[in-house]
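As structure tokens, the structure follows; a few thoughts come after it.
Coordinate-derived values only; no laboratory data. Predicted model, so just to flag it, every value in this text is computed and none were measured. Cβ atoms come from the backbone with ideal geometry, glycine included; neighbour counts cover every protein chain shown.
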Amino acid sequence: MCSLVGQLWGVAGVAVTRRIFLTGTVVTAAAGALATGSTALSSALAEDAPAAPVSAAGVADAALDQALTRLVQHPDGPPGIAALVQRADRAVLHRAGTADLATGAPIQAFDSMRLASVSKAFSGAVALSLAADGTLSLGDTVGKWLPGLPRAWSTATLRELLNHTSGIPDFSQTEAFREALLKSLLKAPPPRVLLSYAGTGLNFTPGSKYEYSNSDNIIVGLMVEAATGKSYESELRKRVFGPLGLEHTSLPRDAGVPVPLLHGYDVAPPQAPEDVTHLFAAGWTWASGGIVSTPADANAFIRAYVRGATTSRPIRRAQFEFRPGSSEPAGPGQNSAGLAVFRYQTRYGTVYGHTGNTPGYTQFLAATASGRRSMVVSANSQITPTTNPERFAELRQIYTLAVSAALAR
């Protein structure tokens with residue numbers, strides 16, 4: 001298990017489908033992994049409608065289904081994976097494998113799961129909301145709001161924190177952090193203590209280069225608290241969870257994950273997969289990686305966030321100024337970094353979102369600029385280019401296929 005915790009930041013044929021039609025929405029799942037009854041998205045269901053004629057969208061959906069099935073069939077693949085794809089008002093849940101090896105239950109759209117670094121988009125949503133109403137400014141410095149942090153960090157701005165050009169070292173990459181984590185997996189220290197593991201210097205002059213750092217979003221959360229006089233969690237509820245109707249999304253401090261849940265696993269054959277859903281407290285990642293949500297809520301969030309629902313037009317224009325820089329792990333196509341959002345340019349089109357990985361989970365959320373087309377890909381094991389390059393390449397191809405399915409006509 002120690003080796004797993006050390007990775008905390010590494011970070012068959014066409015599936016036959018059965019469709020559950022909702023009002024303006026369709027949910028599709030692999031027939032071999034269907035639960036009895038509905039997926040709990042709606043109580044008004046009409047099942048087993050006639051199949052539509054083959055279309056570009058149908059071809060894209062089938063290719064995605066095949067890829068999901070292949071991934072879970074590998075001994076070192078995740079026990080389960082789901083891709084929630086929405087085209088306008090039509091949402092389709094593609095899935096393969098299982099959410100729970102003990103029961104064999106399929107993944108559902110309202111299963112709770114850890115979003116890992118996708119949480120950074122949530123911190124961006126709060127900060128950009130505050131920038132829109134004038135409580136914060138993108139030019140505000142760390143020193144202005146958090147004078148108690150290391151002096152070397154004081155000139156880094158909110159803009160530089162949000163696009164990972166602050167130069168502030170990543171606390172989670174230090175031996176001090178790993179030692180503290182292993183000593184107290186289920187009880188995390190306050191966020192300021194997390195930053196103490198980063199030292200007191202800078203890796204480079206703020207604004208001069210890109211370097212992904214979990215420290216950035218911890219500081220964003222603390223700036224939110226300093227500017228509002230309220231907890232970061234309360235501002236999340238006020239500015240993101242509430243307005244966007246995210247009833248199954250939270251930022252816990254403990255290791256709890258609400259039921260029903262998508263179990264997370266450590267997969268290291270020939271050993272049997274180990275359930276690590278409750279391995280560590282979310283407070284160890286807080287604003288940089290602690291959000292717990294569901295595929296359905298994550299989809300609602302990314303559609304609204306990308307279209308600018310949590311900020312103003314001028315701030316959104318600033319958010320969508322991109323520079324070279326990859327999410328961690330990389331998303332599909334060519335990656336570029338904006339303010340708490342990444343641009344993914346693929347051969348099928350361009351989408352915007354975030355990725356994340358943590359023990360038990362690997363995530364990819366993205367939407368078109370209008371928010372009309374979106375995708376949420378969730379695997380219940382940690383897959384990174386460092387720990388499993390072959391499976392990660394396959395997973396990244398699934399991201400691309402999810403983009404294809406979302407953008408298909």
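Here is how the numbers come out for the structure above:
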read-out: Residue in segment 185-224 that is farthest from the chain's Cα centre (by Cα), counting only those that are of a type in the set (Val, Ile, Thr), under 21 Å from Asn163 (Cβ atoms) and not in a loop (DSSP other than H, G, I, E, B); value: Val224
read-out: Hits in segment 247-287 - residues which are surrounded by fewer than 20 Cβ atoms within 10 Å (Cβ to Cβ), more than 22 Å from Lys183 (Cβ to Cβ) and of a type in the set (Gly, Ala, Ser); value: Ala268, Ala272
read-out: Residues satisfying the stated conditions in segment 369-402, i.e. closer than 18 Å to Phe301 by Cβ and either surrounded by fewer than 20 Cβ atoms within 10 Å (Cβ to Cβ) or not polar (S, T, N, Q) (or both); value: Ala369, Ser370, Gly371, Arg372, Arg373, Met375, Val376, Val377, Tyr399, Ala402
read-out: Ala109 under 29 Å from Pro79 (Cβ atoms) and among the hydrophobic types (A, V, I, L, M, F, W, C); value: yes
read-out: Flag if Ala227 is of a type outside the set (Asp, Glu), surrounded by 15 or more Cβ atoms within 10 Å (Cβ to Cβ) and either within 22 Å of the chain's Cα centre (by Cα) or in a loop (DSSP other than H, G, I, E, B) (or both); value: no
read-out: Qualifying residue in segment 343-354 (condition: small (Gly, Ala, Ser), on the phi > 0 side of the Ramachandran plot and in a loop (DSSP other than H, G, I, E, B)); value: no
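Conditions tested, residue by residue: (1) in a loop (DSSP other than H, G, I, E, B); (2) over 30 Å from Gly139 (Cβ atoms); (3) hydrophobic (A, V, I, L, M, F, W, C); (4) under 18 Å from the mean Cα position of the chain (by Cα).
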site	(1), (2), (3), (4)
Arg239	no, no, no, no
His263	yes, yes, no, yes
Asp297	no, yes, no, yes
Val306	no, no, yes, yes
Ala318	no, no, yes, no
Ser326	yes, no, no, yes
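Results for (1) out of contact with any helix residue (DSSP H, G or I) (no Cβ under 6 Å at 6 or more places or on another chain); (2) within 20 Å of Phe171 (Cα to Cα); (3) not aliphatic (A, V, I, L, M), shown as yes or no for each residue.
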residue: Ala226; (1), (2), (3): no, no, no
residue: Lys230; (1), (2), (3): yes, no, yes
residue: Leu244; (1), (2), (3): no, no, no
residue: His248; (1), (2), (3): no, no, yes
residue: Gly256; (1), (2), (3): yes, no, yes
